[in-house]
1. For the stretch B:69-93, give me the residue count where each residue is of a type in the set (Phe, Trp, Tyr) and surrounded by fewer than 24 Cβ atoms within 10 Å (Cβ to Cβ).
2. Answer yes or no: is there a residue in the stretch A:29-47 that is of a type in the set (D, E, K, R) and over 30 Å from B:Asn312 (Cα atoms).
3. Is there a residue being crowded, with 21+ Cβ neighbours inside 10 Å, touching a Phe, Trp or Tyr at 6+ places or on another chain (Cβ under 9 Å), among the aliphatic types (A, V, I, L, M) and within 27 Å of B:Arg43 (Cα to Cα) anywhere in the stretch A:45-61?
4. Pull up the stretch A:24-36, narrow it to residues that are without any contact (Cβ under 8 Å) to a residue 40 or more places away in the chain and surrounded by 22 or more Cβ atoms within 10 Å (Cβ to Cβ), then point me to the one that is nearest to A:Phe85 (Cα to Cα).
5. Inspect all residues belonging to the stretch B:20-27 and state whether any of them is in contact with a His (Cβ under 6 Å, 6 or more places away or on another chain) and not in a strand (DSSP E or B).
6. Could you please give the count of residues in the stretch B:28-74 that are more than 14 Å from chain A (Cβ to nearest Cβ) and in a helix (DSSP H, G or I)?
7. Which is under 18 Å from B:Pro330 (Cβ atoms) and not in a strand (DSSP E or B), of B:Val261, B:Val256?
8. Consider B:Arg236 against the criteria (1) modelled with pLDDT under 90; (2) touching a strand residue (DSSP E or B) at 6+ places or on another chain (Cβ under 8 Å): it satisfies all of them except one. Which criterion is unmet?
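The values are calculated or read from the model by the stated rules, or taken from the named source; none is laboratory data. Quick caveat, the model's predicted, so the values are computed rather than measured. Here the Cβ is made from the backbone with ideal geometry for all residues, glycine too, and neighbour counts use every protein chain on show.
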Amino acid sequence: MNEVQKDQLLDEVQNLWDNRSRFVTITCVDLVDEFDLIYSFDHNMELVNFRVKADKDRPFISISGIYAASFLVENEIQDQFGLKFENLEPDFKGFLLLSQDGPRTPMLRKVGERGKQEDVV
Amino acid sequence: MSFRTIIPFGPQHPVFPEPIQLKLAVEDEKVVEAIPGLGYVHRGLEKGAELNDYVKNIYLAERVCGICSFIHSWTYCSCIETLLQVEVPPRAEFLRLVFSELSRVHSHLLWLGLYADAFGFESLFMQCWRVRERSLDMQEAGGGGRVILSTCTIGGMRKDLDEDMRRAFIKEVAEIRRDFQQIMTPFFEDYSIKKRTVGIGVLTKEDAQSLGAVGPVLRASGVAGDTRLLGYGPYREVDFEPVVEAGGDCHSRGKVRVREVLRALDLITQALERLPEGEIKTNFRGKLNGEVFQRMEQPRGEMLYYVKAGSNRSLDRFRIRTPTFANIPPLLKMLPGCDLADVPVIVLSIDPCISCAER
């Protein structure tokens, strides 16, 4: 799978928009030190995936200005992993799926939650 | 001058079998904006799967959705089979096709019944569910359960169909087709149905593509997008062509599903007639390694699974993008400009499955 640098993400996504690719989803993987964001698009029935590394403590770029449909999954990632997206429209501020009194960032990995040595990463 | 009012549509509403809220901004009787409110049935299944042994996740994947449970288990098993490099016997692949198309038949018939009920056509609702019952009986006879079958497993299937059952299935499919053909005409021709659905909730071909619509919502807007065309499993060995309509409105979405019931019955017959002899399961061992994406076609559209192997028998990441999740942005595009009275039918026309969408 190709890796795209954060500063080239919008250009890459704009190219996909220009060649009429369909947005499929974004998958966030917690690598403990950082996040892996895997962007998936469909171009003529072929799945196009690429990954972008995201710092945990810095807001990331939203692609909702190009693919409006991405707002839902970006809000979901914001809820579940606590990764903020800049220029996200509409922005549910971490409360798309979670309620005000619910747990925060439930998808973040916690060392030891899977028992034994499994999560000592 | 008209005033803007916000009307909360849901989370409890007669057209919603499951809870979702749409905050509708309304001027007079016209909807001008819709804002979704999710999270009422979020169960954290993705996190749960990461804490489980990967074999146990088959049952978890099946419970993402009660209606299309079999295809969830097939997709999950297919991901694990790729990671373990397990070859599935051809007979098991054909049996998987039979049960996944049966899921499509009963899901579409369930939806067609709800759709008829949404505009007050109660007799049609009951007729659709009467026919659906026969497909559920087939699932029970072949898999042991009405909706949650638990027959799909890593490496193949748990249960086989014997020769008598195979013949009985072919006969039953022909009878379901005959019964359904007797009741399907109103979905195409009935004056009241057309009055409530033609030109309502239009999604253009361009919007369907740019907003990432999938399944019958995409195909009703004139795009022949169907993941089964990728030829996963035995789909490359059967004659298949996606059902496409050009209208982009609620009527077209209904017509796509009616024709897809017939197409699914046809696929079941083909698979049963060509059912290869042999084993139904390959034993497996080894260690999960790598990551994989797998797409399959649910009754509601394309579903995507991502599985990343962990260091032991657990998964580092388990991600599901369900079709309803993809069809919410197109729904938000369909609503502005419609009459408030048309909202229930438009919302229902995407066949919303909220438990799926929230996982």
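1. 0
2. Checking the stretch A:29-47: at least one residue is of a type in the set (D, E, K, R) and over 30 Å from B:Asn312 (Cα atoms).
3. Yes: one or more hits.
4. The qualifying residue nearest to A:Phe85 (Cα to Cα) is A:Thr27.
5. Taking every residue of the stretch B:20-27 in turn, none turns out to be in contact with a His (Cβ under 6 Å, 6 or more places away or on another chain) and not in a strand (DSSP E or B).
6. Final tally of qualifying residues: 11.
7. Unique residue meeting the criteria: B:Val256.
8. Of (1) modelled with pLDDT under 90; (2) touching a strand residue (DSSP E or B) at 6+ places or on another chain (Cβ under 8 Å), only one is false for B:Arg236: (2).
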